[in-house]
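Trainee: Could you have a look at this structure, given as structure tokens, before my questions?
The values are calculated or read from the model by the stated rules, or taken from the named source; none is laboratory data. All values derive from a computational prediction rather than experimental measurement. Glycine gets a Cβ as well: all are built from the backbone with ideal geometry, and neighbour counts include every protein chain shown.
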Amino acid sequence: MNLTAEISQEAVSYVQNVFETVQKRNPNESEFHQAVKEIVDSLIPVFSKHPKYQEAGILERLVEPERVISFRVPWVDDQGKIQVNRGFRVQFNSAIGPYKGGLRFHPSVNVSIIKFLGFEQILKNSLTGLPIGGGKGGADFDPKGKSDGEIMRFCQSFMTELCKYIGPDSDVPAGDIGVGAREIGFMFGQYKRIRGGHEAGVLTGKGLNYGGSLGRPEATGYGCVYFVEEMLKSKGTSFEGKTVVVSGSGNVSTFAIQKAQQLGAKVVACSDSGGYVYDPDGICLETLRRLKEVERKRISEYVKERPGAQYTEGCQEIWNIPCDIALPCATQNEINEASAAILISNGVKAIGEGANMPSTLDAIDLFLKNDVLFGPAKAANAGGVAVSALEMSQNSMRLSWSFEEVDGKLHEIMKNIYESSVKAADQYDCPGNLVVGANIAGFLKVADAMLAQGIV
């Protein structure tokens with residue numbers, strides 16, 4: 001992780017022993033191991049400088065979830081056949097506030113992925129400066145190709161079990177991959193049906209007419225661009241005139257494209273799970289959003305309306321397209337070492353992670369060694385959970401803020417996350433390393449709260 005601080009061998013051994021214990025206790029959970037490794041290695045300077053955290057067993061407690069919940073989700077499809085999926089909720093750490101983190105509906109979902117997301121969420125939520133702990137959940141259900149009726153029945157069954165473990169002051173889920181406004185609405189309706197009353201603060205990402213917040217759909221994509229904007233400013237430059245590649249074409253990606261275009265960039269490529277489109281004239285956001293959000297079609301349809309564009313099967317080669325700025329907004333580990341090397345050879349100047357853990361550890365090391373500005377996910381994509389927490393605040397106060405007010409708060413939060421990451425990296429002798437800086441800045445707040453609350 002390119003640590004340059006003077007560190008003690010005791011701190012190195014301590015962190016290594018904790019990681020080895022995580023591997024032994026959680027076999028075959030590669031995504032969780034990767035997330036833990038990336039974070040704990042960067043915390044070595046903290047344990048070297050502040051032995052109190054080691055003496056209090058903070059790291060041993062941090063890597064162990066407070067609670068892991070797994071449950072059966074039976075539902076009936078349109079043909080009357082009973083289907084069964086598996087649901088999860090990992091309540092990882094509540095030291096600074098109620099568990100907060102999205103729900104992911106995707107066939108790849110398993111306990112390893114939910115734990116990696118929940119672990120990352122602890123520090124991400126801490127970085128926002130808002131009082132929210134870390135959690136995550138989801139199911140191995142695939143919404144693609146399902147009717148609205150099937151999705152409603154699944155969501156109702158899922159919430160029938162999940163409602164036992166969540167609440168406005170204990171655990172507040174939101175959306176993630178496969179969970180948008182439609183799914184949140186169905187789950188919120190079922191929660192009300194079971195629990196009674198209108199507890200608006202139990203879910204975030206709700207529709208505007210029943211407790212949602214203006215600016216929430218835009219938050220993760222906008223926030224990622226705001227973070228990269230701060231990185232670029234540190235080098236005396238901006239998005240103006242830059243060529244940008246954005247992976248994905250969902251909520252995060254489309255709003256990252258929109259904000260980058262508003263700041264003067266040309267976004268030339270985006271993707272979905274089938275492949276990617278390259279449009280040398282710049283992605284037409286209106287066409288993209290209509291195809292994906294309204295007509296629910298594959299991105300391959302884009303080239304039928306934009307004859308100058310090209311469609312390529314498969315997603316990996318999107319990173320072969322020369323660009324100044326890359327915004328991986330699709331899924332975990334989409335940029336490996338080989339893709340990172342191609343981006344670097346093509347002159348990439350900045351990476352902003354809009355997805356969760358989209359770069360492998362080897363890819364991150366390569367970016368840092370080659371002085372590429374790198375905005376790690378827990379910092380760069382924290383905008384979504386930040387505005388979710390703002391939605392919780394509005395629900396508590398029975399108020400609705402304007403879009404401009406929410407967007408202004410988001411912009412300030414992302415600026416503060418950048419500045420706190422830079423400051424922590426400098427304080428621990430890792431200047432410019434925002435991976436280390438973000439991890440340390442997020443960790444210290446949680447660690448101090450855990451110390452204050454005793455052994456729990």
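Trainee: For segment 80-96, name all the residues that are surrounded by 21 or more Cβ atoms within 10 Å (Cβ to Cβ) and part of a strand (DSSP E or B).
Mentor: Gly87, Phe88, Arg89, Val90, Gln91, Phe92, Asn93
Trainee: Follow-up question, since we're still on this one. Residues in segment 52-79 that are part of a helix (DSSP H, G or I) and surrounded by 14 or more Cβ atoms within 10 Å (Cβ to Cβ): how many?
Mentor: Of the residues in segment 52-79, 7 are part of a helix (DSSP H, G or I) and surrounded by 14 or more Cβ atoms within 10 Å (Cβ to Cβ).
Trainee: How many residues are under 22 Å from Ala382 (Cα atoms), more than 20 Å from the chain's Cα centre (by Cα) and outside any helix (DSSP H, G or I) when one looks only at segment 168-202?
Mentor: 3
Trainee: So in segment 248-263, with the set limited to residues that are out of contact with any helix residue (DSSP H, G or I) (no Cβ under 6 Å at 6 or more places or on another chain) and assigned to a loop (DSSP other than H, G, I, E, B), which one is nearest to Ala377 (Cα to Cα)?
Mentor: Restricting to residues being out of contact with any helix residue (DSSP H, G or I) (no Cβ under 6 Å at 6 or more places or on another chain) and assigned to a loop (DSSP other than H, G, I, E, B), the top hit is Gly248.
Trainee: On to the next question. Out of all the residues in segment 408-428, which are over 25 Å from Phe374 (Cβ atoms) and charged (D, E, K, R)?
Mentor: Matches in segment 408-428: Lys409 only.
Trainee: I would also like to ask the following. Can you tell me which residues in segment 162-185 are more than 11 Å from Gly137 (Cβ to Cβ) and surrounded by fewer than 20 Cβ atoms within 10 Å (Cβ to Cβ)?
Mentor: Answer for segment 162-185, where residues must be more than 11 Å from Gly137 (Cβ to Cβ) and surrounded by fewer than 20 Cβ atoms within 10 Å (Cβ to Cβ): Cys163, Lys164, Gly167, Pro168, Asp169, Ser170, Gly180, Ala181, Arg182, Gly185.
Trainee: Next question, about the same structure. Take the residues in segment 400-423 that are among the hydroxyl-bearing types (Ser, Thr, Tyr) and over 19 Å from the mean Cα position of the chain (by Cα); name whichever of them is farthest from Gly215 (Cα to Cα).
Mentor: The qualifying residue farthest from Gly215 (Cα to Cα) is Ser400.
Trainee: If you don't mind, another one. Name the pairs: first residue in segment 215-235 and on the phi > 0 side of the Ramachandran plot, second residue modelled with pLDDT of 95 or more and of a type outside the set (A, V, I, L, M), Cβ to Cβ under 6 Å, at least 6 apart or on different chains?
Mentor: The qualifying pairs are Gly215/Phe403; Gly215/Asp407.
Trainee: Moving on to the next point. Exactly one condition in (1) outside the structural domain of Asn251 (by TED's automatic domain parsing); (2) modelled with pLDDT under 95 is not met by Ala386; state its number.
Mentor: (2)
Trainee: If only one of Phe239, Phe227 is buried (at least 23 other Cβ atoms within 10 Å of the Cβ) and aromatic (Phe, Trp, Tyr), which one is it?
Mentor: Phe227
Trainee: Could you check segment 213-232 and list, in sequence order, the residues that are in a loop (DSSP other than H, G, I, E, B) and either in contact with a Gly (Cβ under 7 Å, 6 or more places away or on another chain) or among the basic types (Lys, Arg) (or both)?
Mentor: Arg216
Trainee: State whether one or more residues within segment 97-115 are at pLDDT 95 or above, closer than 27 Å to Asn209 by Cα and assigned to a helix (DSSP H, G or I).
Mentor: No, there is no match, as no residue in segment 97-115 is at pLDDT 95 or above, closer than 27 Å to Asn209 by Cα and assigned to a helix (DSSP H, G or I).
Trainee: For segment 300-397, which fully contained helices (runs of 4 or more DSSP H) count at least 1 residues that are surrounded by fewer than 24 Cβ atoms within 10 Å (Cβ to Cβ) and not charged (D, E, K, R)?
Mentor: Those helices (runs of 4 or more DSSP H) span 302-305, 337-345, 361-369, 383-397.
Trainee: Okay, moving on. What pairs can you find where one residue is in segment 264-275 and in a strand (DSSP E or B), the other is among the charged types (D, E, K, R) and crowded, with 17+ Cβ neighbours inside 10 Å, and their Cβ atoms are less than 8 Å apart, with a gap of 6+ or different chains?
Mentor: Lys266/Lys242; Val268/Asp279; Ala269/Asp279
Trainee: On to the next question. Of (1) under 19 Å from the mean Cα position of the chain (by Cα); (2) outside any strand (DSSP E or B); (3) more than 21 Å from Glu183 (Cα to Cα), Gly134 satisfies all except one. Which?
Mentor: Status for Gly134: all satisfied but (2).
Trainee: If you check Leu203 against the conditions, is it in contact with a strand residue (DSSP E or B) (Cβ under 8 Å, 6 or more places away or on another chain), closer than 30 Å to Glu161 by Cβ and among the hydrophobic types (A, V, I, L, M, F, W, C)?
Mentor: In short, yes.
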